[in-house]
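J.: This is the structure, below, for whatever I ask next.
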Amino acid sequence: MMDRYRIGFMGWFLGVITLCGFGCAQSMQSAQPKIPVILDTDIGDDIDDTWALTMLLKSPELDLKMVIGDNYKSIYRAKLLAKLLTVAGRTDVAVGIGMGNRDGDGKQADWVKDYDLKSYAGKIHEDGVAAMIDLILKSPKPVTLIAIGPVQNLAEALKRQPQIASKVHFVGMHGSVRRGYGGKAQIDAEYNVKEDAKACQKVFTAGWDMVITPLDTCGLIQLKGDKYKAICESPDPLTKALVENYRIWRRERSADPIRQDETESSTLFDTVAVYLAFSDAFTKIEKLSIRVDDQGVTRIDPAGKPMEVATEWKDLPAYEDLLVKRITAVTVKR
Ligand SMILES: [Ca+2]
C-alpha cells in the first residue's frame, strides 16, 4: 500500500508543480485529490462505527460519497446514518438502505426515536446495494470501500455485478490473524467474519485488492484519561452527537459486566479501517494470504487470497493522538 500512496503522491506533486510552480504550499495542500469512499457499516450495534463515521467525516483525505447499513435492521441503521450526516452538515452524502430484514433496532435507538428518515435532505436509496454498484461503475476513479461490519451487502453486490471488483480498493476491519481481542496470543473468530462466514468468504475471494485491520491491531484502540476528556470537551456538533450516542449506548449496556465509566471509550476497532484508507504509516503491514474458514476464522494459508494485513502497531500513541486530533476538530459550519 505504501507504493500506492507514493505513486499517488508523486503524480499529485508533479501535477501541482506543473500547474502552479514552486512557492504555493498552501494551494498545493488544498489541491491534493481526495479519495472517493463508500462506507459499509453495521452502525447501531457496537458504538465504534459511530466513532469511525465521525473520523471519516473529519478526514480531509477522504471524499465520502455514500454510506450503507449492513447486517439487517436496515431502517434503524439508515436513520442513524442520516441523522449523523445531517448534524455534520453532509447531506451531500447518499444513504443506502441495506439488504434484508428492515426491522429491529439496537442500543442507539433512543437517539433516533423521533427522527423521520423522510426528513433527510440528501438522497436515500431504497435499494442500497444497487446504488452502490451504480456509484462504483460510474465513478471516474477507483472507489475505496471501507467495510466495518459483516458484509452481506458486499457479497450481494459481487453476486449481482462481479465487475465492480476491478474498480474497488477494499479496506476492512476483519479477522484475527496472530492475536485475538486485547492482544491475547490466541486468535478469535472475529465478529464481522463469523456473523456471516459465507458472505465473508465471497468478499475475501473477490478480485479487488484488499487491506485489513484484524483484532491484532484494531483490538488495541481505546482512549482514556486526557485523550478521552478532550473528546468530551470538543465543541463541534458532530463530536457532541458522538458523545451523546456513546452515553446512550453505554447506558443501554449497563447490565453488561464490562463497565464503562466517564473516563474512557470502549474499544474503537473500526476507526483503524478509516485510517488505513488514507495512510498506514503507524502500522506494520504484511502481505499475507488469508482464507476464511466455515467457522468464520481467518487463517493464514498459501491457498488464500493475498492481501495487506496490519499485523502490529509501529506507533500506537501516534495513532491515538491522530484519532483524538481528528475527532475533536471543529469541522461543522454553524
Ligand atoms: Ca462495526
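Every number in this text was worked out from the coordinates using simple rules, so none of it is lab data. All figures in this text were calculated on a predicted structure; none of them were measured in a lab. No Cβ is skipped: glycine too gets one built from the backbone with ideal geometry, and neighbour counts run over all protein chains shown.
J.: Counting only DSSP beta bridges with both residues in the stretch 243-329, what percent are antiparallel, rounded to the nearest 5?
T.: Values: 11 of 11 bridges.
Here the share of antiparallel DSSP bridges comes out near 100 percent.
J.: Where does the chain land at 222 nm, in deg cm²/dmol rounded to the nearest 500, when only DSSP H runs of n ≥ 4 count, each adding -39500 (n - 2.57), divided by all residues? Don't skip to the answer; put the middle values down first.
T.: Details: 13 runs with 129 residues, N = 334.
The per-residue figure over the chain is -11500 deg cm²/dmol.
J.: Here's something else I'd like to know. Which residues' amide hydrogens lie under 5 Å from the amide hydrogen of V177, considering only partners 5 or more residues apart or on another chain, with H built in the peptide plane?
T.: L215, D216
J.: Could I ask something else about it? Mind checking the dipole of the stretch 34-328: about its Cα centre, +1 per Lys or Arg Cβ, -1 per Asp or Glu Cβ, Debye to the nearest 20? Don't jump to the answer; show the numbers that get you there.
T.: On the way: 41 positive and 45 negative charges, 90 e Å.
Once rounded to the nearest 20, the dipole reads 440 debye.
J.: Taking K and R as +1 and D and E as -1, what net charge do the other residues with C-beta under 10 Å from the C-beta of A185 add up to?
T.: On the way: positive: R178, R179, K184; negative: none.
Charge balance in the 10 Å sphere: +3.
J.: Next question. Whole-Hz Karplus ³J(HN,Hα) for the stretch 123-132, in order, using 6.51 cos²θ - 1.76 cosθ + 1.60 and θ = phi - 60°, x for Gly and Pro?
T.: In residue order, the calculated couplings are 8, 10, 9, 4, 9, x, 5, 4, 5, 5 Hz.
J.: From the backbone phi of the stretch 96-105, what are the Karplus-calculated ³J(HN,Hα) couplings (6.51 cos²θ - 1.76 cosθ + 1.60, θ = phi - 60°) in whole Hz, Gly and Pro given as x?
T.: x, 8, x, 6, x, 4, 8, 7, x, 9
J.: How much length, in nm to one decimal, is gained on full extension between E264 and A281, taken as 0.36 nm per residue of separation minus their Cα-Cα distance?
T.: Here the answer is 3.6 nm.
J.: Quick check: pseudo-label points 7 Å beyond the Cα along Cα→Cβ at D116 and K167, how many nm apart are they?
T.: 3.5
J.: Still on this structure: Could you point to the residue in L135, H174, A329 farthest towards the positive end of the chain's charge dipole, with +1 and -1 charges on the Cβ of Lys/Arg and Asp/Glu respectively?
T.: After comparing all options, I get L135.
J.: Let me ask something else about it. Within 12 Å, Cβ to Cβ, of L268, how many net charges do the neighbouring residues add up to if Lys/Arg are +1 and Asp/Glu are -1? All intermediate terms of the calculation are to be shown ahead of the outcome.
T.: Working: positive: K224, K227, R326; negative: D46, D48, D49, E264, D270, E320.
Value of the local net charge: -3.
J.: By how many nm would the segment from K159 to A318 lengthen if fully extended, with 0.36 nm per residue of separation less the alpha-carbon distance? Could you put the intermediate results ahead of the total?
T.: Values: separation 159, 0.36 × 159 = 57.24 nm, distance 3.97 nm.
Computed gain between K159 and A318 is 53.3 nm.
J.: Please compare each pair in K184/K224; K198/K227; K141/K333; K138/K227; K184/K229; K138/K325 to a cut-off of 32 Å on the Cα-Cα distance and tell me which ones are over it.
T.: K198/K227; K138/K227; K138/K325
J.: Turning to a different aspect of this structure: List the residues whose amide H sits under 5 Å from the amide H of I35, counting only those 5 or more places along or on another chain, with H placed 1.01 Å from N in the peptide plane.
T.: Those qualifying (amide H under 5 Å, at least 5 residues apart or on another chain) are L62, D63.
J.: How much length is gained if the chain between D293 and S254 is pulled fully straight, taking 0.36 nm per residue apart and subtracting their Cα-Cα distance, in nm to one decimal?
T.: Contour length minus Cα-Cα distance gives 10.6 nm.
J.: Give the shape of the stretch 186-253 as rounded, prolate or oblate, defined through the alpha-carbon gyration tensor: a ≥ b ≥ c are the square roots of its eigenvalues, a/c under 1.5 means rounded, and otherwise the shape is prolate if a/b is larger than b/c and oblate if not.
T.: Here the stretch 186-253 falls in the prolate category.
J.: Normalising by the residue count of the stretch 34-328, find the relative contact order in percent from Cα pairs under 8 Å and 6+ residues apart.
T.: In percent, rounded to a whole number, it is 20.
J.: Taking amide H atoms as placed 1.01 Å from N in the peptide plane, list the residues 5 or more away in sequence, or in a different chain, whose amide H sits under 5 Å from that of I43.
T.: D70
J.: Using a Förster radius of 30 Å, what is the FRET efficiency between K325 and Q186 based on their Cβ-Cβ separation? Nearest 0.05, please. Intermediate results must be reported in sequence, preceding the final value.
T.: Working: r = 34 Å, r/R0 = 1.13.
Plugging the Cβ-Cβ distance into 1/(1 + (r/R0)^6) gives 0.35.
J.: I would also like to ask the following. Of all GluC sites (Glu not before Pro) in the stretch 230-334, which ones are in loop regions per DSSP and have a Cβ with at most 13 other Cβ atoms within 10 Å?
T.: Values: sites: E233, E244, E252, E262, E264, E286, E308, E312, E320; in loops: E262.
Listed in order of number, the matching sites are E262.
J.: Of the DSSP beta bridges with both residues in the chain, give the percent that are antiparallel, rounding to the nearest 5.
T.: Numbers: 12 of 40 bridges.
That works out to approximately 30 percent antiparallel.
J.: What list of ³J(HN,Hα) couplings, whole Hz, do you get for the stretch 215-220 from phi and the Karplus terms 6.51, -1.76, 1.60, once you set θ to phi - 60° and write x for glycine and proline?
T.: For the stretch 215-220, the Karplus-derived couplings read 4, 3, 10, 6, x, 10 Hz, x marking Gly and Pro.
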